[in-house]
Amino acid sequence: MTHTSHNPEAFSRVLIDRALTESEWDLLNQQQVQFEHHTPTGRADYLLKDDLGRVLCVLEAKREDLDPYDAKEQARGYAENLNAPFVILSNGREHWFWNLQRAEYQDAYRIERLPSQKDLERVRLKNLQPPRELRSEVVSPDYLYRLRPDLKLRGYQINAMEAIADLFDKEGRRKFLLEMATGTGKTLLCAVLIRRFLATRNAERVLFIVDRIELAKQTMEDVSRDAFDYFLDLETGAVKTISVDALEGAKSSLYKGDELIDESSLEAYDMPEWIEDEVELAIRIFSEKQRYVRIPERESQEVYALMKK
């Protein structure tokens, strides 16, 4: 403690070490984290590595009373020498993340916590398949037909979607406000907007906030069945949630017509780690039909209770 009180950067490193540990980095494993690596342009404070020991990220540490963002170009020099795709700037309390492979499109931005190794590997994979423009995902009145044949989008809903896409794609806008009267299909428009962002890889997760529990229940009923399905696991009594896209992908891979093919053929595909669990569940649902029972769409909690009983 006496050392860190006279060395503000050392205290920052204590905070950074703690934040790295909370994000599941092993500070004692040099295959994951390396300290104070010298490069032709200076000394990199931390190197964060992938599971093969290759440098994923340069983390530049600054004193707690300094703005870490100011070290952006310094850290970029270290990262370019090490061929690292990412930079993190931190003073222990404030963290900035910079994806150098997309630096032309996006500056460093604030993050609430330090990313884990899996987080960085997922972003690196996303760099290989960068987001498409929102407009490249064409939205027509029948956009949701495959999921809900009974739903059609209205003209003003499509116009709102296109206005958002234009501002997002062409002007880089990231904040939007839509005002719609009761009964004009706000929830449906949100569902389509979310799907468009996910389909074009402009989002991976979506936080949907409402101000009343009843609205949350209504939204879950209206939206979740469009994108997800529910199955009861008869062995454990658990309810499994899985995306419709994963189910359809597994079905097309496992079946030739109505005939189940050898599922071992799927092992040849190199799936990203972040979808492996969902794909494996989809395969089990189709190959173990006696174990998994689909829960009907309406009043699913009541149906689940009856089925479990």
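The values are calculated or read from the model by the stated rules, or taken from the named source; none is laboratory data. Every value quoted in this text rests on a predicted model; they were computed, and no experiment measured them. Virtual Cβ from ideal backbone geometry, glycine too; neighbours counted across all protein chains shown.
A few notes on this one:
- Counting the residues of segment 55-88 that are assigned to a helix (DSSP H, G or I), polar (S, T, N, Q) and either within 25 Å of the chain's Cα centre (by Cα) or crowded, with 20+ Cβ neighbours inside 10 Å (or both) gives 0.
- Checked against the criterion of being in contact (Cβ under 8 Å) with a residue 24 or more places away in the chain and basic (Lys, Arg), the candidates Arg146, Arg110, Arg122 yield just one match: Arg122.
- Unique residue being charged (D, E, K, R) and either assigned to a strand (DSSP E or B) or over 21 Å from the mean Cα position of the chain (by Cα) (or both) when the list is Arg110, Arg122: Arg110
- For segment 153-193, a tally of residues being free of Cβ contacts under 8 Å to residues at least 24 places away in the same chain and either of a type in the set (Phe, Trp, Tyr) or surrounded by 15 or more Cβ atoms within 10 Å (Cβ to Cβ) (or both) returns 4.
- The number of residues in segment 89-107 that are basic (Lys, Arg) and either under 19 Å from the mean Cα position of the chain (by Cα) or under 28 Å from Glu171 (Cβ atoms) (or both) comes to 1.
- Failed item in (1) at pLDDT below 70; (2) within 16 Å of Leu147 (Cα to Cα); (3) surrounded by fewer than 16 Cβ atoms within 10 Å (Cβ to Cβ), with Ala199 passing the rest: (1)
- Considering residues of segment 125-143 that are part of a loop (DSSP other than H, G, I, E, B), in contact (Cβ under 8 Å) with a residue 12 or more places away in the chain and charged (D, E, K, R) only, the residue farthest from Trp25 (Cα to Cα): Glu137
- So Ile242, is it of a type in the set (Val, Ile, Thr), loosely packed, with under 13 Cβ neighbours inside 10 Å and either modelled with pLDDT under 85 or touching a His at 6+ places or on another chain (Cβ under 9 Å) (or both): no
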